[in-house]
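Novice: Got a structure for you, written out below as structure tokens; questions coming shortly.
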């Protein structure tokens, strides 16, 4: 009787140890003694206790923040640039076994390629080419990460910030241009008013 009870306790313990839950948005990779063995379906699944384990891979779109870095444009202006990278895992096995730390690897790739993309453009070209930089960076990252089982869906450069003295000069120039346009419009309005008054006196 004691032996049966002990067996039942052991069996229930093993069953509890072997029960695993894989969420709907995850893929469960079963490893047996550290080696990939198969894929677990979503929901409740059972593995061999003490022999198998499950690595869960999130299949939802995720975001990596590329921290700000100071880059030099083609005309030797230092700008501070940061970005965010959106990606989805398309091959959970590759994403686990082909790259050690995807987040770090992707961030390093993004920083290196941003350095090249900014370095090939002048400051003026950089400021107006944000969409093109986004597209070029996404294409480069997507090609590089394909071997890792990951799809880069989009890239957004968040900030392209020149030094303070340049931004101040740009602000002054924009203010001067606005004032010039306002003066021209005002002069045209006065001229038109004078023409209408002259025609009214005829």
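None of the figures in this text is laboratory data; all of them are computed from the coordinates on show. If you're wondering where the values come from, they're calculated on a predicted model, not measured in any experiment. Cβ coordinates were reconstructed from backbone atoms using ideal geometry, including for glycine residues, and neighbour counts include every protein chain displayed.
Novice: Starting from the coordinates of the alpha-carbon atoms of segment 97-149, obtain the Kirkwood hydrodynamic radius over all distinct pairs and give the value in Å to one decimal.
Specialist: With all distinct Cα pairs of segment 97-149 included, I get 11.9 Å.
Novice: Using only the alpha carbons of segment 40-94, what is the convex hull's orientation-averaged projected area in square nanometres? Spell out each step's value before the answer.
Specialist: Working: hull surface 26.2 nm².
Projected area, direction-averaged: 6.6 nm².
Novice: Classify segment 18-58: rounded, prolate or oblate, from the alpha-carbon gyration tensor (a ≥ b ≥ c, eigenvalue square roots; a/c under 1.5 rounded; otherwise prolate if a/b is larger than b/c)? Mind dumping the intermediate values first?
Specialist: On the way: a/c = 2.51, a/b = 1.45, b/c = 1.74.
It comes out oblate by the Cα gyration axes.
Novice: Quick check: residue separation of residue 192 and residue 120 times 0.36 nm, minus the Cα distance between them. What number comes out in nm? The partial results should precede the final answer.
Specialist: Values: separation 72, 0.36 × 72 = 25.92 nm, distance 4.80 nm.
Length difference between fully extended and current span is 21.1 nm.
Novice: Expressed in nm to one decimal, what extension gain is obtained for the pair residue 46 and residue 143 from 0.36 nm per residue of sequence separation less their Cα-Cα distance? Don't skip to the answer; put the middle values down first.
Specialist: Working: separation 97, 0.36 × 97 = 34.92 nm, distance 3.66 nm.
Full extension from residue 46 to residue 143 adds 31.3 nm.
Novice: Determine the gain in length on full extension of the stretch residue 184-residue 132; use 0.36 nm per residue of separation and subtract their C-alpha separation, reporting nm with one decimal.
Specialist: Details: separation 52, 0.36 × 52 = 18.72 nm, distance 3.44 nm.
Between residue 184 and residue 132, full extension yields 15.3 nm more.
Novice: Then there is this: Cβ neighbours within 10 Å, averaged per peptide: list 115-128, 81-94, 38-51 in order, most packed at the top. Don't skip to the answer; put the middle values down first.
Specialist: Details: 115-128: 16.1, 81-94: 18.4, 38-51: 13.5.
Ranking, from highest mean packing down: 81-94, 115-128, 38-51.
Novice: Over all Cα pairs of segment 62-165, how is the pair count split among 5 Å bins, expressed in % and running from 0 up to the last occupied bin?
Specialist: Histogram of Cα-Cα distances, whole percents per bin: 2, 14, 25, 23, 15, 10, 6, 4, 1, 0.
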